[in-house]
Amino acid sequence: MARKSSRQVPYRSASVGSLADPRVWRKGVQYLKRKDPTLARIIRETGQIRFDLDDDHYEAIVGSIIFQQLAGSAAQAILNRFKEVYGGRLPTPREYLATDVGKLRKSGLSPQKISYIKDLAERLEDGRLDLKKMEELSDEEAMSELDAVRGIGRWTAEMFLLFKLGRTDVLPVDDLGLRKAAKRVYRLRKLPSREKFEELAVNWHPYSSISTLYLWKSTEKPEAPAKW
């Protein structure tokens, strides 16, 4: 089971709109350029980043579970075979729960991931989890809802908040690619610890999602996470 991490303090600051709103994005970029000269240089050198939300929340979470701890090509192959069980698409939660485990194993899913997706499907079926209503929740409430699902760890929940909900203050401090980018951009001697990263980001809130995207972009494509 994916390790759950405790969150003893509120999750960042409150969101200030959606990153999919061009006005929010422009305001955030201008804010960061004023607050952090180093980040201002990265923004200037990188140029405009296109940001679009993908509103298929269910597919995003199923994909994230399948991709966990696997190379991208291997995970994509398993995802494709998994979809083939259902005629080339993802199953509805009800369809998944009615599927023989043997068929799921033949697609390449591990017993653990089969159980993770089962827990997700059960929660969606019985109403304990409503992915569309998550858009109405605060960042901390949304993180808590996702954290309750087996197999969803902090990073997956953060990616959901960023790419699916467009929240403005997501800072995945445990993401290796982001830490590598910060080390290079801020000319640090070693990878920043969680505490050091928080210090670097003190002036980014409530727009650290934009900082995150620019730091990923600055490393060029290999360090940016796949959008499921």
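The values are calculated or read from the model by the stated rules, or taken from the named source; none is laboratory data. If you're wondering where the values come from, they're calculated on a predicted model, not measured in any experiment. Glycine also receives a Cβ, built like all others from the backbone with ideal geometry; neighbour counts cover every protein chain displayed.
Summary table below
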item	result
Test set (1) surrounded by 11 or more Cβ atoms within 10 Å (Cβ to Cβ); (2) modelled with pLDDT under 90; (3) in contact with a Gly (Cβ under 7 Å, 6 or more places away or on another chain) - Val24 fails condition number	(2)
Enumeration of residues in the stretch 173-197 that are within 13 Å of Glu158 (Cβ to Cβ) and either among the aromatic types (Phe, Trp, Tyr) or crowded, with 17+ Cβ neighbours inside 10 Å (or both)	Val173, Asp175, Leu178
Selection from the stretch 143-172 of residues that are over 12 Å from the mean Cα position of the chain (by Cα) and more than 22 Å from Arg50 (Cα to Cα)	Ser144, Glu145, Asp147, Ala148, Val149, Arg150, Gly151
Whichever residue in the stretch 39-60 is touching a helix residue (DSSP H, G or I) at 6+ places or on another chain (Cβ under 6 Å) and part of a helix (DSSP H, G or I) and, among such residues, is surrounded by the fewest Cβ atoms within 10 Å (Cβ to Cβ)	Thr46
Residue match in the stretch 175-195 (condition: within 18 Å of the chain's Cα centre (by Cα), charged (D, E, K, R) and modelled with pLDDT of 90 or more)	yes
Hits in the stretch 13-62 (condition: among the small types (Gly, Ala, Ser) and over 13 Å from Asn203 (Cα atoms))	Ala14, Ser15, Gly17, Ser18, Ala20, Gly47, Ala60
Filtered residues of the stretch 63-87 (kept if farther than 14 Å from Gly108 by Cβ and in contact with a helix residue (DSSP H, G or I) (Cβ under 6 Å, 6 or more places away or on another chain))	Ser64
Where a residue in the stretch 176-202 is touching a residue at least 60 places away in the same chain (Cβ under 8 Å) and within 20 Å of Glu45 (Cα to Cα) and its partner, wherever it lies, is of a type in the set (A, V, I, L, M) and in a helix (DSSP H, G or I), with Cβ under 8 Å and at least six apart	Val185/Leu39; Val185/Ile42; Val185/Leu215; Tyr186/Leu200
Unique residue being aliphatic (A, V, I, L, M), in contact with a Gly (Cβ under 9 Å, 6 or more places away or on another chain) and at pLDDT below 95 when the list is Ala75, Ala14, Ala71, Ala60	Ala75
Residue ID - nearest to Phe82 (Cα to Cα), chosen from residues in the stretch 92-131 that are of a type outside the set (Gly, Ala, Ser) and either touching a His at 6+ places or on another chain (Cβ under 7 Å) or not in a helix (DSSP H, G or I) (or both)	Leu109
